[in-house]
1. Among Ala145, Ala26, Ala110, determine the one that fluctuates most according to a GNM of the chain built with springs between C-alpha atoms less than 10 Å apart.
2. When 1/r is averaged over all different Cα pairs and the result inverted, which Kirkwood radius in Å belongs to segment 35-168?
3. For the chain, modelled as a Gaussian network with Cα springs under 10 Å, which listed residue fluctuates most, Ser199, Ser118, Ser20?
4. Cβ under 9 Å from Val205's Cβ, Val205 left aside: what net charge do those residues give with Lys, Arg +1 and Asp, Glu -1?
5. Which far-off residues, 5 or more places away or on another chain, put their amide H under 5 Å from the one on Val153, with H placed in the peptide plane?
6. In the neighborhood of Leu143, defined by Cβ-to-Cβ distances under 13 Å, what is the net charge if each Lys or Arg adds +1 and each Asp or Glu adds -1?
7. Taking K and R as +1 and D and E as -1, what net charge do the other residues with C-beta under 12 Å from the C-beta of Ala46 add up to?
8. If amide H atoms are built 1.01 Å from N in the plane of the peptide, which residues on other chains or at least 5 residues away come under 5 Å of the amide H of Ala128?
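Where a number appears in this text, it was derived from the coordinates with a stated rule and is not lab data. Everything numeric here is computed off the predicted structure, so don't read it as measured data. Because the Cβ atoms are built from the backbone with ideal geometry, glycine has one as well, and the counts that use them run over all protein chains shown.
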Amino acid sequence: MKGETAAPARPYVHLNCAVSLDGRLAFAGGKQAALSGPRDLARVQALRVQLGAVLVGVGTVILDDPSLRVHWDLLHQDPGPAPVRICLDGTGRLPAAARFLDGTQPTIVATTKSARRSYPPSVETILAGPGPEVDLTTLLRALAAYGLRGVLVEGGSHVIASFLRARLVDRMTVYVAPVLIGEDAAPSLMAGPASRSPSDWVELVRESVEPLDDGVLISFRPRSAPAIPPPPASL
């Protein structure tokens, strides 16, 4: 209709993570490390509510078995609508007993044509590419058609790298905890091939730096200004 604003081709993408001072997301082998303090944990819960969807890779589900629910107690609020939880599972590795598949909130598995796997009836699947990797552009278009206006990407390191390398991030926030983990086997913030020159790296612009808990929260945007506005805050 004349005068209406066209729906964006993809949802707004906010990438969030917590790292040690030496840039590690977890302990060696991907064992979960509690890096966020209480205020940062509450901030992440608020983002889940605002954006309406939270996305992780299948490796995170295998290692941590997250529920991806909103911890309403941290927000001092009565429970509201649960965010849609999304998992990238291009080869069908999701454990059948994972909490992700428990049917307690809206759930989407993004997979590929090469995967040979069925999921519970409560789970919606999106075929995004031939495989083995999920095609993120195809997925985001499908999520926009699904009605999602925002997605919170929470990792792990390969998922973070995939979104950043594909230039599909509108905002990035990193909580830096005042701890050092060390060890090459501990996953870094961004996995994948190393940049060999400035033409390869992912360039961001710092928006803000603020003390939070005992660490620091840093906010970035892409060098090119994001074209998609974030969903309005509901808290």
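1. Result: Ala145 has the largest fluctuation of those listed.
2. On the way: mean 1/r = 0.0658 Å⁻¹.
With all distinct Cα pairs of segment 35-168 included, I get 15.2 Å.
3. Ser199
4. Details: positive: Arg206, Arg221, Arg223; negative: Glu203, Glu207.
That sum, taken over residues with Cβ under 9 Å, equals +1.
5. His14, Leu15, Asn16, Leu55
6. Numbers: positive: Arg10, Arg85, Arg141, Arg149; negative: Glu124, Asp135.
Net charge in that neighbourhood comes out at +2.
7. Numbers: positive: Arg39, Arg43, Arg48; negative: Asp40.
That works out to +2.
8. Amide H neighbours of Ala128, under 5 Å, 5+ apart: Thr111, Thr112, Lys113, Asp135.
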